[in-house]
Amino acid sequence: MEERSKEEREKMVQVLEALKEASEEIQRQHSPESPAAKALLELESLLSSSDPNLWALSEHLRRLKSLLHSLQHSTGLRSFLTRPISSHSLSRVAASIQSELQAWIDRETLDGLSGCLREANPGQSELISLLSQFQERLSRGFNRGLQELVLKHRLFSSLDSLLLDAKLPNRVREEAALAVAALIRFNKDVFVGQVLMGPTVGALVSMGSFKSISVLCSLIRSIRSPLVDEIESNGGIPKVMGVLDSEDDALRVAALECVMEIGYFGRKEAVEAMVKEGVVEKLMELQRSEGKLFAGCVARFAVQLEVGEGLRQREKRGFKGEILGRVREASVSDAEAATVAAEIESRSRCQPVLPKDTSKNRHTKYQGKENSS
């Protein structure tokens, strides 16, 4: 397919979206005389089947033309008997046309995104818009053709390049981060390796913004212990812990959620790193000074470790004892220490006891968190 300018590509996508709506209309109405049918017949007359990308669409449009002709010219009893079958066939062909049109739209939009990413100085608003559209498309669920386009254009590597470019505004880098998270949700099996082997995790931690930490949290939920291992091995635990000291409440809440996820999925080394960085003391200070916003966060952290996937039972008992000891040392009074310790014990008793052979497979998290996937 020939190279198009940005303006030509945008107009082409608008036309294709309208034609896709026409195919949806045919599936609902089955009318051979509708404007939707006429629009698709006009496309059939203009389309060249010499492009291998458009061969299947051309075939479906020819089939549509034949079915519409049959519906228009069939009469009498035969028409009455065969019309339901023809209408069903029409719906199926229109659905196939819709799918091929979406594939065409995907080729145009990903060509445009790839071209924009290759530019030395891409327009920020255009790049943000394209990345947002890309995320929306991925959110519709897995599609093999779309995945092939992503791999063909090496989009994951391009997104990593954006994340690493500290000269770019945070808003652009955050949209790239959100696109990475969308790719993991789209097909974790294919893209998780690129997250673990590439610079994604380090870039997200270094950015330290609300969206980057939220994306990091999302990736931990998706990839679980291997992602936490990557954070720990690259020295990211102290950086995540440092975000808890931010003056921005929203950012501190995002960092707190990240700490909870690390506690749930992290192995011994990651939890030890958090404890050494003063996670208990930081959480004590947060829940003491910030009222309801961080209420009970020490007990919540302790329970995350207790019900989590990353630690062995012996390690869980050891960390619980260390947390209780640090609570006593960090408390401003015996009453505060007793209150926090009692809350930890109370919440621990509320957790269900799982058989030993299934404890590692437990996905249900404390305080009604969503299942990890």
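Could you tell me which of the residues Glu257, Glu277, Glu247 is within 20 Å of the chain's Cα centre (by Cα), within 21 Å of Met207 (Cα to Cα), of a type outside the set (S, T, N, Q) and surrounded by fewer than 22 Cβ atoms within 10 Å (Cβ to Cβ)? Full working, then the answer.
Values: Glu277 fails: within 20 Å of the chain's Cα centre (by Cα); Glu247 fails: within 20 Å of the chain's Cα centre (by Cα).
Residue meeting the stated conditions: Glu257.
I'd like to know if the stretch 339-348 contains one or more residues that are part of a loop (DSSP other than H, G, I, E, B) and either at pLDDT below 95 or out of contact with any strand residue (DSSP E or B) (no Cβ under 7 Å at 6 or more places or on another chain) (or both).
If we filter the stretch 339-348 for residues that are part of a loop (DSSP other than H, G, I, E, B), which is where we start, we get none.
Within the stretch 339-348, not a single residue is part of a loop (DSSP other than H, G, I, E, B) and either at pLDDT below 95 or out of contact with any strand residue (DSSP E or B) (no Cβ under 7 Å at 6 or more places or on another chain) (or both).
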Within the stretch 291-305, how many residues turn out to be over 27 Å from the mean Cα position of the chain (by Cα) and not aliphatic (A, V, I, L, M)? 3
Here's a check for you: in the stretch 166-203, which residue that is among the charged types (D, E, K, R) and under 12 Å from Ser218 (Cβ atoms) is surrounded by the fewest Cβ atoms within 10 Å (Cβ to Cβ)? Lys188
I'm trying to understand the selection: among the residues of the stretch 149-158, which are in a helix (DSSP H, G or I) and in contact (Cβ under 8 Å) with a residue 40 or more places away in the chain? Leu149, Val150, Leu155, Phe156, Ser157, Ser158
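Restricted to the stretch 25-35, and to residues that are in contact (Cβ under 8 Å) with a residue 12 or more places away in the chain and surrounded by fewer than 16 Cβ atoms within 10 Å (Cβ to Cβ), which residue is nearest to Gln72 (Cα to Cα)?
Taking the stretch 25-35 as the starting set, the residues that turn out to be in contact (Cβ under 8 Å) with a residue 12 or more places away in the chain are 26-27, 30, 32-33, 35.
Filter again for surrounded by fewer than 16 Cβ atoms within 10 Å (Cβ to Cβ), leaving 33, 35.
Details: Glu33: 8, Pro35: 14 Å.
Result: Glu33.
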Residue pairs within 6 Å by beta carbon, gap of at least six or interchain, first lying in the stretch 172-195 and assigned by TED's automatic domain parsing to the domain that holds Glu126 and under 11 Å from Phe156 (Cβ atoms), second surrounded by fewer than 20 Cβ atoms within 10 Å (Cβ to Cβ) and of a type in the set (Gly, Ala, Ser), listed first then second, are Ile184/Ser222
Single unsatisfied condition, Leu216 versus (1) surrounded by 22 or more Cβ atoms within 10 Å (Cβ to Cβ); (2) at pLDDT below 95; (3) not polar (S, T, N, Q): (2)
When the stretch 245-304 is checked residue by residue, the ones that are touching a strand residue (DSSP E or B) at 6+ places or on another chain (Cβ under 7 Å) and without any contact (Cβ under 8 Å) to a residue 12 or more places away in the chain are none
Are any of the residues in the stretch 136-148 over 15 Å from the mean Cα position of the chain (by Cα), free of Cβ contacts under 8 Å to residues at least 12 places away in the same chain, farther than 22 Å from Met197 by Cα and in a helix (DSSP H, G or I)? yes
Just checking, how many residues over the stretch 36-59 are under 32 Å from the mean Cα position of the chain (by Cα) and surrounded by 14 or more Cβ atoms within 10 Å (Cβ to Cβ)? 3
Answer yes if at least one residue in the stretch 237-244 is in contact with a helix residue (DSSP H, G or I) (Cβ under 9 Å, 6 or more places away or on another chain) and farther than 28 Å from Glu272 by Cβ, and no otherwise. no
Can we say Val353 is modelled with pLDDT of 95 or more and more than 31 Å from the chain's Cα centre (by Cα)? no
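Could we say that Ser206 is at pLDDT 95 or above and out of contact with any Ser or Thr (no Cβ under 8 Å at 6 or more places or on another chain) here?
Values: at pLDDT 95 or above: no; out of contact with any Ser or Thr (no Cβ under 8 Å at 6 or more places or on another chain): yes.
No.
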So Ser225 clears everything in (1) free of Cβ contacts under 8 Å to residues at least 60 places away in the same chain; (2) touching a Gly at 6+ places or on another chain (Cβ under 8 Å) except one condition, right? Which one? (1)
Does the stretch 181-197 contain at least one residue that is assigned to a helix (DSSP H, G or I) and either more than 28 Å from Glu232 (Cβ to Cβ) or among the acidic types (Asp, Glu) (or both)? yes
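The values are calculated or read from the model by the stated rules, or taken from the named source; none is laboratory data. Not measured: the values here are computed from a predicted model. Heads up, the Cβs are rebuilt from the backbone with ideal geometry, glycines too, and the neighbour counts pull from every protein chain shown.
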